[in-house]
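First the structure, in the form of structure tokens, and then the observations on it.
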């Protein structure tokens with residue numbers, strides 16, 4: 001058990017107990033033992049957090065600072081977080097099983113992206129002067145109180161990037177990290193507080209789905225930024241629709257890596273494996289479907305099997321571990337059920353598909369490869385969110401595009417070809433919010449778009465920033481180009 005901060009951050013103060021008097025055990029996925037114990041948030045804690053954010057937005061200094069002043073505070077927090085990356089990585093190893101190397105990488109990447117955003121916002125104009133019937137301006141201002149709901153598969157990076165995006169836009173925030181993995185997010189709250197963020201501008205209340213629904217429904221919240229599963233995301237969207245509340249939803253994926261006949265199979269295999277095996281497949285944008293020409297199927301399968309065989313499973317606190325456990329027992333059981341389903345549907349299990357024999361404790365699962373998968377199978381259509389890669393084949397490029405698009409999701413894709421122009425033409429036919437050419441690596445600084453069941457709105461990049469801003473029209477004076485003979489009502 002640890003003596004780290006395990007409570008809430010509300011109105012500039014850490015709160016180590018709750019009105020419920022109850023606690024929640026944070027169970028380490030690698031050992032199945034309680035690693036930390038945290039207070040269970042109740043309605044009073046959530047109400048206090050929303051009230052603090054509302055007051056900080058309506059009356060406090062944060063929305064009224066210049067972009068440069070806000071960026072200076074966030075940059076100081078980034079400097080402090082640089083010294084806490086290792087701490088956050090160890091906490092994520094405890095709370096959701098991410099290997100230290102992965103925790104450090106995602107931590108440093110999210111800090112670097114936040115710094116880039118800080119530099120960018122200073123140069124973005126808040127006034128767009130135009131001329132038509134009138135000379136007018138469109139000005140933007142902070143949108144309001146943002147409810148940021150972060151997922152358990154990357155709690156530190158998601159909390160940092162969601163929270164700082166809203167803060168840099170001048171909004172105030174109530175962040176609800178997942179109850180399964182609440183601890184690494186508190187490191188961010190500490191850094192923001194030490195950096196001089198005004199009280200109430202950022203509040204953090206871990207909680208379960210019931211608390212999340214209450215936060216989304218709160219009349220004190222103006223906007224919701226949700227990252228998580230599609231089923232819950234649709235519920236969030238319904239609530240926001242009923243209340244006419246702005247919402248950004250980043251949901252699930254079943255992304256395809258399309259290898260054209262002349263594509264680099266080794267690069268494609270690396271791309272698929274990088275997403276579907278690292279973080280134990282708990283990555284929404286993973287390329288979980290590898291689409292290859294019939295004649296190259298053996299090459300694709302052999303490459304994935306060889307890659308999977310080199311992955312070292314084990315203790316996430318071990319520096320050499322590449323694949324940790326799945327985050328919860330329930331999720332491990334879900335991934336297992338999809339493997340059984342795939343076999344029953346007629347797909348061929350080539351490697352993996354079981355709990356590793358050498359690890360008697362923990363929610364570990366072997367890197368798994370299927371072949372013979374089709375879009376008629378649930379394994380080929382539904383998000384497994386585990387270390388399970390599927391190889392599908394096609395006869396020609398038109399069929400490859402049809403297979404890739406025959407999905408309820410539209411989050412991500414890659415196209416591999418020796419001819420970049422050809423790859424771009426194929427990419428233009430894919431119904432997805434992002435496509436990478438000849439690689440998988442994610443560009444976290446760029447806007448991430450989503451369509452279909454993968455979500456709506458934009459969370460990152462300048463477009464994500466603008467989602468957190470309210471555009472307002474200022475009519476200044478009739479334009480000299482306008483028809484001055486127009487009838488004015490009342491004259």
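A few comments on the model shown:
- Check on residue 94, in the same structural domain as residue 203 (by TED's automatic domain parsing), more than 20 Å from residue 205 (Cα to Cα) and either part of a helix (DSSP H, G or I) or more than 23 Å from the chain's Cα centre (by Cα) (or both): no
- Members of the range 170-186 that are closer than 27 Å to residue 470 by Cβ and surrounded by fewer than 24 Cβ atoms within 10 Å (Cβ to Cβ): none
- Set 70, 54: member being out of contact with any strand residue (DSSP E or B) (no Cβ under 8 Å at 6 or more places or on another chain), assigned to a helix (DSSP H, G or I) and over 24 Å from residue 154 (Cβ atoms): 70
- Scan of the range 241-298 for residues that are under 15 Å from the mean Cα position of the chain (by Cα), over 21 Å from residue 372 (Cβ atoms) and not in a helix (DSSP H, G or I), ordered by number: 247, 248, 249, 250, 251, 252, 253, 282, 283, 284, 285
- Here the strands (runs of 3 or more DSSP E) wholly within the range 313-411 that include at least 3 residues being touching a residue at least 40 places away in the same chain (Cβ under 8 Å) are 368-371, 388-394.
- Take the conditions (1) closer than 30 Å to residue 472 by Cα; (2) buried (at least 24 other Cβ atoms within 10 Å of the Cβ); residue 96 misses just one of them, which is (1).
- Of all residues making up the range 412-451, the number that are buried (at least 19 other Cβ atoms within 10 Å of the Cβ), touching a residue at least 24 places away in the same chain (Cβ under 8 Å) and more than 13 Å from residue 250 (Cβ to Cβ): 11
- The set of residues from the range 129-141 being over 17 Å from residue 468 (Cα atoms) and either at pLDDT 95 or above or assigned to a strand (DSSP E or B) (or both) comprises 129, 130, 131, 134, 135, 136, 137.
- Taken across the range 179-198, residues that are over 21 Å from residue 78 (Cβ atoms) and at pLDDT 95 or above do not occur at all.
- Residues in the range 155-173 that are in contact with a helix residue (DSSP H, G or I) (Cβ under 6 Å, 6 or more places away or on another chain) and assigned to a loop (DSSP other than H, G, I, E, B) were compared, and the one that is farthest from residue 202 (Cα to Cα) is 169.
- Hey, residue 155 assigned by TED's automatic domain parsing to the domain that holds residue 247, touching a residue at least 12 places away in the same chain (Cβ under 8 Å) and within 25 Å of residue 285 (Cβ to Cβ) or not: yes
- Yes/no for residue 123 being in a helix (DSSP H, G or I) and assigned by TED's automatic domain parsing to the domain that holds residue 199: no
- Check on residue 189, part of a helix (DSSP H, G or I), crowded, with 22+ Cβ neighbours inside 10 Å and assigned by TED's automatic domain parsing to the domain that holds residue 240: yes
- Residue tally, condition part of a helix (DSSP H, G or I) and either within 21 Å of residue 152 (Cβ to Cβ) or in contact (Cβ under 8 Å) with a residue 24 or more places away in the chain (or both), over the range 192-240: 22
Okay, residues lined up against (1) closer than 21 Å to residue 155 by Cα; (2) surrounded by fewer than 18 Cβ atoms within 10 Å (Cβ to Cβ); (3) assigned by TED's automatic domain parsing to the domain that holds residue 410:
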{"site": "266", "(1), (2), (3)": "no, yes, yes"}
{"site": "291", "(1), (2), (3)": "no, no, yes"}
{"site": "295", "(1), (2), (3)": "no, yes, yes"}
{"site": "300", "(1), (2), (3)": "no, no, yes"}
{"site": "303", "(1), (2), (3)": "no, no, yes"}
{"site": "318", "(1), (2), (3)": "yes, yes, yes"}
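The values are calculated or read from the model by the stated rules, or taken from the named source; none is laboratory data. What you see is a predicted model; the values in this text were computed from it and never measured. Don't worry about glycine lacking a Cβ; one is built from the backbone with ideal geometry, like all the others, and counts go over all protein chains shown.
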